[in-house]
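A.B. asks: Got a structure for you, written out below as structure tokens; questions coming shortly.
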Amino acid sequence: MATWITTTAVSDQFDHFAPAALIDRATVVPAVNQIEVHPYFAQREVQALGAEHGILTQAWSPIGGITFYRDGQHGSTLQDPVIGDIAKVHDKTPAQVMLRWHLQQGRSVIPKSTKPQRIAENIDVFDFELATEELAAIDALDTGQRGGPEPQSITLESAGRPIPEN
């Protein structure tokens, strides 16, 4: 007997499409919702809705790079004193602390790097744990302000190109 497993994922969909409508109408509930999540923009309501339906949150820009590559008003999460102090306690980098924060809270992460040293650093996050107080301190950094573009502004006309049918 053959078994077929079908999964689907969405990216930045739940914060501008009606999530209940998507879940109610979909024949396959998404397994993953890939959204902007970092210490300065946690989207807790979006994450909670996904968790309620068994949908994993996957963080893009998990160390907040989008906040300092764009015209962000936040500054760099890598230089945040709260994150920096926690990193010193654990003898880790701020990036490693942020990745660990995501993982301990049950998110999948997609850290971007092309540098071998940073790629190795990004995976070296399983030999320490953040205390409840440290997780709360990072949670408290949430500004509620998106660093990346508004999902509804990403259209074929504004940022894409046609995908050939063949």
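Each value in this text was obtained by applying a stated rule to the coordinates, not by laboratory testing. Note that the coordinates shown come from a computational prediction; the quantities given were computed from them, not determined experimentally. With ideal geometry, Cβ positions are generated from the backbone for all residues, glycine too; neighbour counts draw on all protein chains shown.
A.B. asks: What order do you get for E45, E36, E157 when you list them from fewest to most C-beta neighbours inside 10 Å?
C.D. replies: Ascending Cβ contact count within 10 Å gives the list E157, E45, E36.
A.B. asks: Continuing with this model, one more query. Just report the Cα centroid separation between region 89-153 and region 27-48, whole Å.
C.D. replies: First find each Cα centre; the distance between them is then 15 Å.
A.B. asks: Right, next: Take every Cα-Cα pair in region 96-149 and report what % of them are more than 15 Å apart.
C.D. replies: Summing the P(r) tail past 15 Å for region 96-149 gives 55 percent.
A.B. asks: Tally Lys and Arg at +1 and Asp and Glu at -1 over the other residues with C-beta under 11 Å from the C-beta of V125: what net charge comes out?
C.D. replies: -2
A.B. asks: Going by how many other beta carbons lie within 10 Å of each one, how would you line up L141, L99, fewest first?
C.D. replies: Values: L141 19, L99 24.
Neighbour counts put them in this order, fewest first: L141, L99.
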